[in-house]
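The structure under discussion appears below in the form of structure tokens.
The values are calculated or read from the model by the stated rules, or taken from the named source; none is laboratory data. Every value quoted in this text rests on a predicted model; they were computed, and no experiment measured them. Backbone-built Cβ (ideal geometry, glycine too); neighbour counts: all protein chains shown. Side chains are part of the model used for accessible areas, which takes the heavy atoms of the whole protein and leaves out ligands, DNA and RNA. Shrake-Rupley method; radii C 1.70, N 1.55, O 1.52, S 1.80 Å.
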Amino acid sequence: MDDDHAAAWRRIGAAASGISLASAARACAADLAVDSLGVSLVAAGELRVMGYASDEDARLLEDAQLTAGEGPCTDAYVQRTLVEEADLHQAFERWPAFTHAAAGHQMRSVTALPLATGHLCLGALDLYRAAPGLLTARHKSRARAYARILALLAFDEHPHLLTAAHRTTQPGPQGFPPSVHLAAGVLAETEQLPPDDALARMRAHAFRHGRSLHQTADHILAHHTLD
């Protein structure tokens, strides 16, 4: 076990609440001095659930990535590598939809890491900072240690991530949660659309009206229509 990994375990173990995905995420945020932190988990390569959000900014930024279908979380998960952006205000060409969706929030920089263990990847860790700039090489090394630990704790708390039949990861949007898929099915039936087209309409509607994809899905499930 390397020094960063051992040190991360010690910090997590020192938490009064015990060892859990949430306590590990809090220890990571405190140790790396980031302003917000989000953990997104992906089951079977397609169903995404929020594993942890340190605050409302993190929750909204994670949802903005889901609505936009792009962003650091998706890239880190699909590419299985660290992804970083020094200034989200300058990232329009990289993630045009996500940058637009995130514009109203205060976070300026992000580092995302895959939650991977062995050959399995089950989500991503997003580290947000209110100031522009990149993490130091030392902090990136420590972030990788926390990402490995979070992957193990996620398996422990969400065993279905391991047992669900895994589909081959494809480039592009990943991890729409079950409620979104269900709403897309309802809209597809109501509007006589293919499911993929219904999902695309939901994302476009959410983006255009400044709503989260979860809110759009809830509306469809309640009213069977986008309007």
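Results, tabulated for the structure shown:
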| read-out | value |
| --- | --- |
| Residue that is least open to solvent (accessible area, probe 1.4 Å) [pool: residues in segment 74-87 that are in contact (Cβ under 8 Å) with a residue 40 or more places away in the chain and among the hydrophobic types (A, V, I, L, M, F, W, C)] | Ala76 |
| Checklist (1) among the β-branched types (Val, Ile, Thr); (2) closer than 16 Å to Asp31 by Cα; (3) open to solvent by less than 50 Å² (accessible area, probe 1.4 Å) applied to Thr99, failing item | (2) |
| Residues located in segment 54-74, provided they are modelled with pLDDT of 85 or more, closer than 21 Å to Ala206 by Cα and in contact with a strand residue (DSSP E or B) (Cβ under 7 Å, 6 or more places away or on another chain) | Asp57, Ala58, Arg59, Leu61, Glu62, Pro72, Cys73 |
| Pairs where the first residue, in segment 6-21, is without any contact (Cβ under 8 Å) to a residue 60 or more places away in the chain and within 25 Å of Met50 (Cβ to Cβ) and the second is open to solvent by 30 Å² or more (accessible area, probe 1.4 Å) and among the β-branched types (Val, Ile, Thr), C-beta under 8 Å, 6+ apart | Gly13/Ile19 |
| Residue within segment 114-131 that is modelled with pLDDT under 85 and among the small types (Gly, Ala, Ser) present | yes |
| Residue list for segment 189-210, filter: buried (at least 18 other Cβ atoms within 10 Å of the Cβ) and of a type outside the set (D, E, K, R) | Ala198, Leu199, Met202, His205, Ala206, Phe207 |
| Positions within segment 102-142 being open to solvent by 60 Å² or more (accessible area, probe 1.4 Å) and hydroxyl-bearing (Ser, Thr, Tyr), in sequence order | Thr136 |
| Where Ser23 falls short, out of the listed (1) among the hydroxyl-bearing types (Ser, Thr, Tyr); (2) modelled with pLDDT of 95 or more; (3) surrounded by fewer than 24 Cβ atoms within 10 Å (Cβ to Cβ) | (2) |
| Residues that are under 13 Å from the mean Cα position of the chain (by Cα) and at pLDDT below 90, drawn from segment 89-113 | Phe98 |
| Some residue of segment 211-225 being modelled with pLDDT of 80 or more, open to solvent by 20 Å² or more (accessible area, probe 1.4 Å), more than 21 Å from Gly51 (Cα to Cα) and touching a Ser or Thr at 6+ places or on another chain (Cβ under 6 Å) | yes |
| Extreme residue, nearest to Leu135 (Cα to Cα), among residues of segment 35-53 that are open to solvent by 20 Å² or more (accessible area, probe 1.4 Å) and modelled with pLDDT of 80 or more | Asp35 |
| Residue match in segment 34-43 (condition: in contact (Cβ under 8 Å) with a residue 24 or more places away in the chain, within 17 Å of Phe207 (Cβ to Cβ) and acidic (Asp, Glu)) | no |
